[in-house]
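A short worksheet on the structure shown next.
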Amino acid sequence: MPSDYDATEFVDGDFQAHKSSYAGSPAATLRAPTREEVDSKVAEAHQRLAEKKRELEELERERAGLEETRRRQMEFQTGREEMLHHLTRGVGLLEEAEFKARQDAEQMNKTLVDFRDALAKVETIRQETWTKDGFHGDLTKALTTLENARMEWNSARLKFPVLSGKFEEEGNEVEGKMDGLALARQSFGQLCRLGFALTWPVALVVLIAAGVFAALLLRR
């Protein structure tokens, strides 16, 4: 009876081994890329670059926004500290000035009352009503009233410069300085014309007087 069929008897082992080694050789795996594969890789690279560019632009916008926020925060902090300092100092200065102004106003009002009282007392002095018998007493009383009024006046002048005319004097001094500066800016010719305009009436009077004197001499 013949033996069973063995398929391996008709397979060439050396051929199969050579075929397997050829299929797994480096030459098969390192073949040149096709045009389609290169185009696909280029398109993929462009897409990745575009995505990176968008990411960079988004990061740049985010960075610019954060920088602007930081700048505004610093501006707020600096401005807040500055205004707190100025306003706190201003409140203190104005409160002090207001208190002093109120004191000055109260003192001025008191002085005004004293002035009116002293004025009324001085106005009541009537020398024509004095009698011979009471002359010395009336004179002493009148002098005392005047002395009290003078003391009130001198005391008030020390407190309020406006009573001494200092404000008016300062204004006149400033005006004189301004006039001097205005004259200093004038040219020599303008100053000569100004001097002639100021002195020609005097010169005319002198000429008339000289003419009259000469006429008198001729008549003699």
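Computed from the coordinates by the stated procedures, all read-outs in this text should not be read as laboratory data. For clarity, every value in this text was computed on a predicted model and none was experimentally measured. Here Cβ is always computed from backbone atoms with ideal geometry, including for glycine, and neighbour counts include all displayed protein chains.
Tabulated data
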read-out	value
Residue in the range 104-123 that is assigned to a helix (DSSP H, G or I), among the acidic types (D, E), surrounded by 11 or more Cβ atoms within 10 Å (Cβ to Cβ) and more than 57 Å from the chain's Cα centre (by Cα) present	no
Number of the exception - D133 against (1) under 30 Å from F160 (Cα atoms); (2) among the acidic types (D, E); (3) outside any helix (DSSP H, G or I)	(1)
